[in-house]
Amino acid sequence: MRSALPTLDAALADYAKAHSGRFIRYGSSATGRLRLGSDIDLLADFPDSAIIEACRVADGLCARHGLIPDTRPAAWVSERMLAQAMTEGIVLP
């Protein structure tokens, strides 16, 4: 699982750059506590018109690498959770 993360991050960053947004990978995959069966926590921060597609793409990229996605729009989480994800997570791009 860990070996797939750099490839996943690169693909997410490329998509985000091309679509005026960003992904934030947080949780165990960002803090190094990833275990077998862990999901990949992602926040998608994109314009409203692009958010559904961004989440769909992120889920698909995770699945292609055998990872379990937990993707949600950044607008759906509290400011506190977003701040924590930004601090502890990996912002792509």
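Read-outs throughout are calculated quantities, based only on the coordinates presented, and are distinct from any laboratory measurement. It should be emphasised that the depicted structure is a prediction, and the values quoted were computed from it without experimental measurement. When we count neighbours, we look across all protein chains shown, and the Cβ atoms used for this are built from the backbone with ideal geometry, even at glycine.
Which value at 222 nm does the chain reach when only helices count, each DSSP H run of 4 or more adding -39,500 (n - 2.57), with the total divided by all residues and rounded to the nearest 500 deg cm²/dmol? Before the final figure, lay out the partial values.
Details: 4 runs with 42 residues, N = 93.
-13500 deg cm²/dmol, from helical runs alone.
Ranking Ser20, Ser3, Ser29, Ser38 by Cβ neighbours within 10 Å, fewest first, what do you get? Write down the numbers at each step before the final one.
On the way: Ser20 10, Ser3 7, Ser29 25, Ser38 15.
Ranking Ser20, Ser3, Ser29, Ser38 by Cβ neighbours within 10 Å, fewest first, gives Ser3, Ser20, Ser38, Ser29.
Give me a comma-separated list of calculated 3J(HN,Hα) values for region 38-47, in order, Karplus coefficients 6.51, -1.76, 1.60 applied at θ = phi - 60°, integers in Hz, x for any Gly or Pro.
3J(HN,Hα) across region 38-47, in whole Hz: 5, 9, 9, 7, 9, 10, 9, 10, 9, x.
Whole number please: convex hull volume per residue, Cα atoms of region 2-92, in Å³.
About 82 Å³ per residue, rounded to a whole number.
With contacts defined as alpha carbon pairs under 8 Å and 6 or more residues apart, what's the relative contact order of region 6-83 in percent?
Values: 98 pairs, mean separation 21.7, N = 78.
Value for region 6-83: 28 percent.
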